[in-house]
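What follows is a short report on a single structure.
The values are calculated or read from the model by the stated rules, or taken from the named source; none is laboratory data. On a predicted model such as this, the values are computed, not experimentally measured, just so you know. For neighbour counting, all protein chains shown are included, and Cβ atoms are generated from backbone atoms with ideal geometry for every residue, glycine included.
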Amino acid sequence: MTIDEIMGLAPVIPVLVVDDVAHAIPLAQALVAGGLPVLEVTLRTAAALDVIRAMASVPGAVVGAGTVLSAQDLALAADAGARFIVSPGLSEPLGAAARASGLPFLPGVATASDIIRALDQGFNRLKFFPATASGGLPALKAMASVFGAVRFCPTGGITEASAPDWLAEPAVACVGGSWIAKRGESDWATITARARAAAALKPAA
């Protein structure tokens, strides 16, 4: 799959911090059942790589790795079965590793200079992060007016209430959100209900 295809599968990508591998499969099943197949498992816990491996076995799930900070992180995530890569930023070694891997890659940007560096490396599908702290929707709209070829997945501080406003911006393909499944939560029915509500949101384009 291409990064455009992945970003187009659902309006919200759940950003997941999972400590317990036993939660991996039921969590992925709950999210897929709610209509959110694209799952970003952040590399913030000791269990993350095993969680990716387990979730990858769930039918319909498109599992990627988030919080990828280095070429080594990317290699480990790819080995665990990640189908796409998300990073909070971008370095030249990480960009080179992403291109070499062939995996869809969503590098993080927060400023116009970040976007120019990403474009220089061949990336025009970008994670705007941390979205709210970096000026929010007004900042993204200002940058989108300059970088017309770029489409964004804003992440960081986005809530169930604010997600529709972000998705109404034509430069936004989808948003990343941690409200769908909170860290340590195991009420699968509630997670599926949240996922269903999020999946019903409509991007502008």
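Could we say that Ala181 is hydrophobic (A, V, I, L, M, F, W, C), at pLDDT 95 or above, in contact with a Leu (Cβ under 9 Å, 6 or more places away or on another chain) and surrounded by 15 or more Cβ atoms within 10 Å (Cβ to Cβ) here?
The answer is yes for Ala181.
Given (1) modelled with pLDDT of 95 or more; (2) farther than 24 Å from His23 by Cβ; (3) not hydrophobic (A, V, I, L, M, F, W, C), where does Pro203 come up short, assuming only one miss?
Pro203 satisfies every listed condition except (1).
Out of Ala97, Ala82, Ala30, Ala46, I need the residue that is out of contact with any His (no Cβ under 7 Å at 6 or more places or on another chain), of a type in the set (A, V, I, L, M, F, W, C), part of a helix (DSSP H, G or I) and over 25 Å from Ala149 (Cα atoms). Which one?
Matching residue, one of Ala97, Ala82, Ala30, Ala46: Ala30.
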